[in-house]
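Below is one structure, written out as structure tokens; the observations come after it.
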Amino acid sequence: MIEWQQEYFQKFSYARNQILKYLSSARKDLSIAKKAKIDEVRFQFAYNAFLKLGISLMACYGFKVRSRAGHHIKILEQTALILNDENITAYGNQMRKTRNGKRARRLGTWIVVGLLIRLMHF
């Protein structure tokens, strides 16, 4: 059973179209990341897509993410728990901590592509 920390997650009933809007926004960010020629732009949009995909997943479980210090970490951790994949937390935290590092920027887009594919089949 997945535990939801009330400090970071609030029970919320989403309409299906709301969740689809989140996914659409994540796809748009990912598309921009794939086409971008500037590494910083590519990385930032990939990272944003990663977070939006996690938020979409939380919405599927009927939870809203509370905006507060540390909520990005919690999105990554909760996504990893739901998908039973520790790599999501590891890669996500690497992206989060080294937003300006070349390795993180290169990995970022491909991590998000993999997560998007998993979520589309979830």
| field | Residue in region 85-94 that is over 11 Å from the mean Cα position of the chain (by Cα), surrounded by 14 or more Cβ atoms within 10 Å (Cβ to Cβ) and modelled with pLDDT of 85 or more present | value | yes
| remark: Selection from region 10-58 of residues out of contact with any Lys or Arg (no Cβ under 6 Å at 6 or more places or on another chain) and more than 25 Å from Gln94 (Cβ to Cβ) yields Lys11, Ser13, Tyr14, Ala15, Arg16, Asn17, Gln18, Ile19, Leu20, Lys21, Ser24
| note | Within region 9-19, residues surrounded by fewer than 16 Cβ atoms within 10 Å (Cβ to Cβ) and not in a helix (DSSP H, G or I) come out as Gln10, Lys11, Phe12, Ser13, Ala15
| request: Please specify each residue of region 1-19 satisfying the condition of being out of contact with any helix residue (DSSP H, G or I) (no Cβ under 9 Å at 6 or more places or on another chain) and either of a type in the set (Asp, Glu) or touching a residue at least 24 places away in the same chain (Cβ under 8 Å) (or both). | output: Gln10, Lys11, Ser13
| Residue selected from region 20-61 under the condition of a type in the set (Phe, Trp, Tyr) and without any contact (Cβ under 8 Å) to a residue 60 or more places away in the chain, by the criterion surrounded by the fewest Cβ atoms within 10 Å (Cβ to Cβ) | Tyr61
| message | When you check Lys34 against the structure, is it part of a helix (DSSP H, G or I) and either more than 23 Å from Glu7 (Cβ to Cβ) or at pLDDT below 90 (or both), yes or no? | response | yes
| task | Would you be able to say whether some residue in region 38-61 is at pLDDT below 90 and not in a helix (DSSP H, G or I)? | result | yes
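The values are calculated or read from the model by the stated rules, or taken from the named source; none is laboratory data. It should be emphasised that the depicted structure is a prediction, and the values quoted were computed from it without experimental measurement. So basically every Cβ, Gly included, is an ideal-geometry build from the backbone, and we count neighbours across all protein chains shown.
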